[in-house]
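A short reminder: the numbers here are calculations on the coordinates, not readings from a lab. Predicted, not measured: the structure shown is a model, and the values here were computed from it. Positions of Cβ are backbone-derived with ideal geometry, glycine not excepted, and every protein chain shown enters the neighbour counts.
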Amino acid sequence: MKAIRFHECGDPGVLRREDADRPEPVSSTPCRRIPRRGERKKWDMADTASINARTIAEFRANRGQVGAGFAGAPLLLLHTVGARSGTPRINPMMYLPDRARYLVFASKAGSDRNPDWYHNLLAHPEARIEVGEQTLAVHAEELHGPERDGFFAEQARRYPGFAAYQHRTDRIIPVIALTPTGGSDAPAVCDPLK
């Protein structure tokens with residue numbers, strides 16, 4: 001039986017299958033091997049910052065809609081304050097609507113570490129989000145136990161990439177509820193899949 005490797009080529013998310021006994025492909029597009037489970041992926045922070053900046057600009061230019069890997073998915077921009085630096089930060093992320101809350105998942109694509117925004121919310125739970133054309137003040141609270149497990153299972157059902165992220169790491173991926181603090185004036189959270 002031949003071992004099979006997968007490579008990322010060109011645009012993020014494009015995978016090409018290569019048989020292990022064949023030589024590495026020669027291409028003008030650089031390829032890199034996808035880490036296997038248990039292997040740590042080295043994050044290039046410059047790439048992440050660039051992707052986030054493009055996603056944020058596209059989100060704002062198109063009233064909360066973006067293409068590529070986020071096309072059709074519910075997306076928000078989370079505004080936090082750095083836990084150690086005190087510097088304002090903005091992160092685009094998918095959410096799961098739950099009545100009057102927005103649920104976000106600290107997956108960091110299956111990394112063994114929680115994303116920085118998670119630590120920022122623990123230190124400063126009062127935050128803001130942009131959803132569509134609205135900006136809302138929110139309070140962040142981490143979910144635990146069966147409540148967390150049920151919402152994570154629903155997100156993984158809707159978007160199987162989240163199940164893959166959990167499979168890649170030994171940590172339990174945190175689920176954070178972002179609840180608008182605008183009182184009864186806060187808009188209802190709409191589920192785009194219903």
Working only with C-alpha atoms, what are the Rg and Dmax values of segment 45-185, expressed in angstrom? 14.4, 41
How far apart, in nm, are the 7 Å Cα→Cβ label points at Glu126 and Ala71? 4.1
